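Below is one structure, written out as structure tokens; comments come after it.
The values are calculated or read from the model by the stated rules, or taken from the named source; none is laboratory data. All of these numbers come straight from a predicted model, not from anything done at the bench. Cβ atoms come from the backbone with ideal geometry, glycine included; neighbour counts cover every protein chain shown.
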Amino acid sequence: MLIRGVGLRGAVAINTITMVGIGPLITIPLVLGNLHGPLSLAGWIAGAVLALCDGLVWAELGSRYPGSGGTYGYLRAVFGPHKAGALLSFLFVWQTILSVPFLLASGYIGFANYAAYLVPQLGTNPTAQKLVAVAVGVVTLLALYRGIKAIAQTGIALACVVLCTLVVVIAASFAHFSAAQAFAFPAGDSFWSGLRAGFGPALIIAMYDYVGYGAANTIGGEVVAPQRTLPRAIVIAIGLVAAAYVALQTGVLGAIRWQTIVPHADGSLPLLGQYVASAVVEQSFGVPAAIVVTLLILITAFASVYGNLLGFSRIPYAAAVDGAFFSAFAHLHVRHRFPDVALLVIGLLALPACFWFSLDDTIAWLTTGIVLIQPIGQLAALAALRLRGERAPFRMALYPLPALVALGGWLLVFASAGTPAIAFGVVSLAGGTALFLIVAHRRRSWPFATARFL
């Protein structure tokens, strides 16, 4: 049996470190490459609105079904473990196994990018950077190979480091802030034309940085008083992180010329764009301060992948316990009672992704791999609950308006990801469906069990 050792502070910390991590510190140049200058703020604000609306969906479902597994448990419970819920929950676990390695790899790559500030040779040696990324993945896996109480305490400490790092970078960016530079539109750009050109791709990147507000939901079986704790942790974490992101982007705009950090035509980042936060701190407080902040950023990067690997490893475990996924994933560590097989499989699959993909490709493929089955699946589950008249301990206000905003936002994100990433999302989902049907046919379970009685 799992141990309930995560309280409100721990849940907020897990959500926060999963959301923040290295994300905004490596993706600011990518957002600016799509929404130029002050228009970039629209991407972060829109991302906050979408995160809050979708977070309310997580909050309501999490209060109604507070066990481990998150989306897997919601889809299975709402749509029936022996009906459509069997297919939908299987697909979610399947897409998690395929997509989460991209998420983890993006954090490992971000760590290696910032390490180049301390070891300049890494900035010109892609192979060495990738080896550093893999090494971080191995360390993360080893750090999580222990009991949940120690992990929760570490999560709180890492959350403090994450927030302190953002505060220092924000303070540095405002030390020599130029409002005229920050809010000046580039020549030839206008508000509406700029939004039309880059809003969708920028929103993908922003949501990559915001996603994680439901991380504590995935370990609901290890959370104290989850019906109250999970909704509060989601709203608090989103509020903290959104304020930090908008302040950070505003400060960077006023501290340095944004044109110097945007990606090149081939998608690669200039050196300044690889470690923009360190450069901002160096400009304001000098090289020693920048070195210290870079070390904090590396800890922050580690915190992000730490929280993500922790949460996502519980999903195939929960499915395997229910008999809905491969039974090996149900194995618990004999002494510390955590899902060791699930942790090892997901952690190891992330390592080769560090070699195969660039940062922007990783974000796009991650997004399309999970959008159709997780956020949209959860929206369908919430609608089904409401139509049945079931009342969760927490209910979002103004329903269905926040749910409709979330639906529209996620559909825009999917449509803006580009043809290769969209193809990955569709093909992987189709492959998972085929695999489910093959297994169901062999087991004579739904939908084939029903057919025998027709």
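Filtering segment 331-352 down to residues that are within 19 Å of VAL138 (Cα to Cα) and modelled with pLDDT under 85, which residue is farthest from the chain's Cα centre (by Cα)? It would help to see each step written out before you state the result.
Of the residues in segment 331-352, the ones within 19 Å of VAL138 (Cα to Cα) are 333, 338-352.
Keeping just the survivors that are modelled with pLDDT under 85 gives 333, 338.
On the way: HIS333: 26, PHE338: 22 Å.
Filtering segment 331-352 for residues that are within 19 Å of VAL138 (Cα to Cα) and modelled with pLDDT under 85, the one farthest from the chain's Cα centre (by Cα) comes out as HIS333.
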Residues of segment 364-379 satisfying the condition of being surrounded by 24 or more Cβ atoms within 10 Å (Cβ to Cβ) and not in a helix (DSSP H, G or I): ILE373, GLN374
Restricting segment 90-110 to residues that are under 12 Å from ALA133 (Cβ atoms) and of a type in the set (A, V, I, L, M), the residue that is farthest from the chain's Cα centre (by Cα): ILE109
Single unsatisfied condition, ALA84 versus (1) modelled with pLDDT of 90 or more; (2) touching a helix residue (DSSP H, G or I) at 6+ places or on another chain (Cβ under 8 Å): (2)
Identity of the residue in segment 380-401, of a type in the set (A, V, I, L, M) and assigned to a helix (DSSP H, G or I), that ends up farthest from LEU230 (Cα to Cα): LEU387
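Quickly run through segment 395-417 and pick out the residues that are crowded, with 19+ Cβ neighbours inside 10 Å and within 21 Å of PHE79 (Cα to Cα).
MET396, ALA403, ALA406, LEU407
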Condition broken by PHE312, with the remaining ones in (1) surrounded by fewer than 17 Cβ atoms within 10 Å (Cβ to Cβ); (2) of a type in the set (Phe, Trp, Tyr); (3) closer than 30 Å to PHE111 by Cβ satisfied: (1)
Residues of segment 146-178 satisfying the condition of being part of a helix (DSSP H, G or I), at pLDDT 70 or above and among the small types (Gly, Ala, Ser): ALA157, ALA159, ALA171, ALA172, SER173, ALA175
